[in-house]
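The block underneath contains the structure these notes are about, expressed in structure tokens.
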Amino acid sequence: MALHESVLEEFGLAPMWVRRAVATQADEPLQSMREDARDERRAEPEPPPSHEPTRASADVPAPPTFDAAPDDDFAWFDDRDAPAPEPVEARRDPPALPAIHTLDWDALAERVAGCEACRLCEKRTNTVFGVGDRGADWMLIGEAPGENEDRQGEPFVGQAGKLLDNMLRSLALARGTNVYIANVIKCRPPGNRNPQPDELARCEPYLKRQVSLVKPKLIVALGRFAAQSLLKTEASISSLRGRVHAYEGVPVIVTYHPAYLLRSLPDKAKAWADLCLARETWLANGGAPSKESK
Ligand code: URA
């Protein structure tokens, strides 16, 4: 077989008369597959008679008619066995997801990890769900992940986190021991910009559910943003400090954000006063110090 014919044959493009003329012993298995395919089609109704001139014999090659209707005896071009396209009206929206307030811990963590409810999902490396004792008395709530938190997927892991750990130690507490830490926003705002109101609205149900699952005896709001979003106010942090507020029935104490305290040493004393008020409030709300912390 000449090279150009064998190439045509390989791709099933040779007109039937060429293939018949050049069939050899070596081609037989291929030939018999084609014949099987033809036999199957023979069982189908005969097409209506054609007015094309008939070929006298398969051995008398007719000139190739490359603009003729394609010879359709190639099973791999035949889509009759392909599944029919789904009718448009049969397509359904994906099933609605269960409401966030009904989720358990694992389902909630999974929902947050896959959340695409706002634009913050586009630039994040990780969502930052929360960390610590899921049955804690104390819940500490910050603003949003920064660069380190975004990279590690855990809240307060940078310098501010170190200061926070020291503040907890001063109360005989530790991250993970009767303390749960979360943020109002679960994804890092690009460039640490302030979260936008719509981002806050999309994220709030996650924090609300975390609070209802932890059932803390006390919440400490860390910084202006956390305080204003939890308490739905625009009041300044200095006016919110020193009093007991409430979020979903849980007492809330407002204090400075640890990142701010890193830059403003004089306000550390005020933060210490806030933590003392937090401890009193916790005790008044049924908190019981562990033996080591008494
Ligand atoms: N600041 C926050 O408010 N939260 C973090 O997780 C880190 C920094």
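The values are calculated or read from the model by the stated rules, or taken from the named source; none is laboratory data. From a predicted model like this one, the values you see are computed outputs, not experimental measurements. We place every Cβ from the backbone using ideal geometry, glycine too, and count neighbours over all the protein chains shown. Protein only, heavy atoms only, side chains kept; ligands, DNA and RNA dropped before computing areas. Shrake-Rupley method; radii C 1.70, N 1.55, O 1.52, S 1.80 Å.
Which value, in debye to the nearest 20, describes the size of the charge dipole of the range 161-294 about its Cα centre when Lys and Arg Cβ atoms bear +1, Asp and Glu Cβ atoms bear -1, and nothing else is charged?
Dipole size: approximately 260 debye.
How much accessible surface area, in Å² rounded to 10, belongs to the heavy atoms of LYS232 with a 1.4 Å probe?
Here the accessible area works out near 140 Å².
Within the range 100-284, what is the number of lysine pairs with alpha carbons under 25 Å apart, leaving out pairs fewer than eight places apart on the same chain?
Eligible lysine pairs with Cα atoms under 25 Å apart amount to 17.
Hey, can you find the accessible area per residue of the range 100-284 for me, probe 1.4 Å, expressed in square angstrom?
Per-residue value: 46 Å².
Under a plain spin-label model, where a point goes 7 Å from the Cα along Cα-to-Cβ, how far apart in nm are ALA201 and THR177?
4.3 nm
Would you mind telling me the share, in percent, of accessible area of the range 100-284 contributed by carbon and sulfur at probe 1.4 angstrom?
Exposed carbon and sulfur together represent 49 percent of the surface.
Looking only at the range 100-284, where both bridge partners belong to it, what percent of the DSSP beta bridges are antiparallel (to the nearest 5)?
Once the DSSP bridges in the range 100-284 are tallied, antiparallel ones form about 30 percent.
So how far apart, in nm, are the two label points at SER290 and ASN192 if each is 7 Å from Cα heading toward Cβ?
Placing both labels 7 Å beyond Cα along the Cβ direction yields 3.1 nm.
Identify the trypsin sites (Lys or Arg not before Pro) of the range 125-211 meeting these criteria: DSSP loop state and at most 13 other C-beta atoms within 10 Å of the C-beta.
Sites meeting the loop and neighbour criteria: ARG134, ARG193.
Tell me, in nm to one decimal, what length is gained between LYS162 and LYS208 on full extension, where the rule is 0.36 nm per residue of separation less the Cα-Cα distance?
14.0 nm
So which GluC sites (Glu not before Pro) in the range 191-294 pass both tests, a DSSP loop state and at most 16 other Cβ atoms within 10 Å of the Cβ?
Filter output for the range 191-294: GLU234, GLU248.
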